[in-house]
Amino acid sequence: MFEGQPKGLYALALANTGERFGYYTMLAIFALFMQAKFGWGEEAAGQVYAIFLAAVYFMPLVGGIVADKIGYGKCVVIGICVMFLGYLSLAMPTAADNTGKFVMFGGLALVSIGTGLFKGNLQVLVGNLYDDPKYSSRRDAAFSLFYMAINIGAMFAPYMAKVITNAYLSRHGFTYVTDAQEAYGDRAAEYLSTLSGAYGLCFGVACVSLILSISIYFACRAWFKHADITAKQAKETAAPVEELTPKQTKDRIIALVLVFAVVIFFWMAFHQNGSALTFFAKKYTDLTVYGPMRIGFNIWSLFLIAVSVYTVFSAIQAKTSKVRWTCAIATLLLWCGAYALYSGMDNPVMAQPSDFQQFNPFFVVALTPFSLAIFGALARKGKEPTAPTKIALGMLVAALGFVVITMGSFGLISPMDLGERTQNILSPGWLISTYLTLTFAELLLSPMGISFVSKVAPPKYKGLMMGGWFVATAIGNYLSSIPSMLWNKIPLMANWGILIALCVISAIVMFALLKKLNAVTAD
């Protein structure tokens, strides 16, 4: 699984893990923060959330254009510094007035700009490592591992947000509730002010994680320094660079743009985790969790289970009996540890709406070895699907994810009739199953899409094309606000039905384009 990969992959993956940990800690509570601090409803909070996501994923286009001129590494470092200032602004305690809004929007702008300089260019550096023929066959596996590392950071983010929130509330004499007015009456305003202060501290976590990221980046820079070279720099130093005809360049750009257009609708559907699916958890899901399902709400148990997947695979793939037995014993200890943590949990445990956001990254981390093993076995038989085929399949699986939540929504009162009340009756299993299915789709689509871009992009436009992938993500992220805008206006299942239809139509379009896309890949 990890064998034969360049050391630079691990350095860049770990640098990204730290940055993503802070980002997803912030994202886990961002919509809830706006509701608590400014009193905004689902539509307004969902709209700002979507605009921010769109900006975060649009700015890599600008970052890619800049990097193609000044260098990828320089943009990565500048990006981290700008992001730090943005998260610092968000963490500042301000009043819930126009000044507070100005500071918040200014911080969001800085985070967006910084991410644009950092995110896509870091992934270009990863892709450049695999331009070396020695490693080229491992490109898809490398991006799966890189994506797994991102999700290690994302997995712990909601937990960190919850720990900080609960500790801050407890210090001020409160406990977390979904309905402040019902729980605290005359003290509801004080509770919401305290809650928004707790969320503000969560933004400070991102500042710390960025310091960790930049430390890893500089400490291990020697491992990937050779990959920090643009097409212009390669020409000046006489380094080997792939030469394309004008027709090849045009065909590749057209193929990439077609893929970008299709995946817009995946990201529109997928990024309901911080808005519509979080609102669903808050309004409809029973947050009092009993029995075996409690283990899903202990992040350390989940982490040990995820690690055990890797020790199991290492035992299976071990070349010596000593390594095999070591991995087997480690697996047993990890399972015992996970069970011990589970046994020590309260029964029931009280979950929070943001807790559900830890399931997607957990599933990514735990399922990545299975994905690599399956596609590795197919590759050895010459039957591995191409990256465009995986993307098409991912769209279909995403549709199935929303079929799951639609089935769970039968019989529920629609948000437009529910109003400010809650109907917390649905088992958490419905949301967990939805996240599991959407993770299958994500593993088929996201790392494969990034790998496809890094392979197909014309050398002199690598930064720009990686930015184009993120622009497609940005548009999808902005469109993700549509279910929030419709939340109190149409039946609940109609909202899910829109997402199902868009994913199915996108899959059909993608399958229709496969011949053209596969031809470019083979070029």
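Before moving on, here are some points about what is shown:
- Odd one out for Val403, checked against (1) part of a helix (DSSP H, G or I); (2) touching a residue at least 60 places away in the same chain (Cβ under 8 Å); (3) open to solvent by less than 30 Å² (accessible area, probe 1.4 Å): (3)
- Asn360 part of a loop (DSSP other than H, G, I, E, B) and either crowded, with 19+ Cβ neighbours inside 10 Å or out of contact with any helix residue (DSSP H, G or I) (no Cβ under 7 Å at 6 or more places or on another chain) (or both): no
- Out of Phe303, Phe313, Phe260, sole residue that is within 30 Å of Gly467 (Cβ to Cβ) and surrounded by fewer than 23 Cβ atoms within 10 Å (Cβ to Cβ): Phe260
- Taking the listed residues Ser321, Ser343, Ser354, the one that is within 23 Å of Ala154 (Cα to Cα) and among the small types (Gly, Ala, Ser) is Ser354, with no other qualifying.
- Matching residues, the stretch 478-500, being without any contact (Cβ under 8 Å) to a residue 40 or more places away in the chain and outside any loop (DSSP other than H, G, I, E, B): Ala494, Ile498
- Any hit, the stretch 200-207, residues being under 22 Å from Glu3 (Cα atoms) and in a helix (DSSP H, G or I): no
- Of residues in the stretch 288-300 being in a helix (DSSP H, G or I) and closer than 20 Å to Ser427 by Cβ, the one most open to solvent (accessible area, probe 1.4 Å): Pro292
- Arg138 being of a type in the set (Lys, Arg), touching a residue at least 12 places away in the same chain (Cβ under 8 Å) and more than 22 Å from Cys81 (Cα to Cα): yes
- Answer from Tyr24, Tyr57, Tyr10 - the residue that is at pLDDT 90 or above and either within 27 Å of Lys282 (Cα to Cα) or over 16 Å from the mean Cα position of the chain (by Cα) (or both): Tyr10
- Residue within the stretch 457-470 that is assigned to a helix (DSSP H, G or I), under 18 Å from Ala399 (Cβ atoms) and open to solvent by less than 10 Å² (accessible area, probe 1.4 Å) present: no
- When residues in the stretch 363-398 are screened for being surrounded by fewer than 20 Cβ atoms within 10 Å (Cβ to Cβ) and of a type in the set (Gly, Ala, Ser), 5 of them pass.
- Residue count for the stretch 6-57, restricted to those that are open to solvent by 20 Å² or more (accessible area, probe 1.4 Å) and among the acidic types (Asp, Glu): 1
- Test for Asn166: is it under 16 Å from the mean Cα position of the chain (by Cα) and either open to solvent by 30 Å² or more (accessible area, probe 1.4 Å) or modelled with pLDDT under 90 (or both): no
- Within the stretch 107-124, the residues that satisfy the criterion of being surrounded by 24 or more Cβ atoms within 10 Å (Cβ to Cβ) and aliphatic (A, V, I, L, M) are Val111, Leu117, Leu122, Val124.
The values are calculated or read from the model by the stated rules, or taken from the named source; none is laboratory data. The model shown is predicted, which means the values in this text are computed figures rather than measured ones. Backbone-built Cβ (ideal geometry, glycine too); neighbour counts: all protein chains shown. Surface accessibility is based on the protein's heavy atoms, side chains included, excluding ligands, DNA and RNA. Shrake-Rupley method; radii C 1.70, N 1.55, O 1.52, S 1.80 Å.
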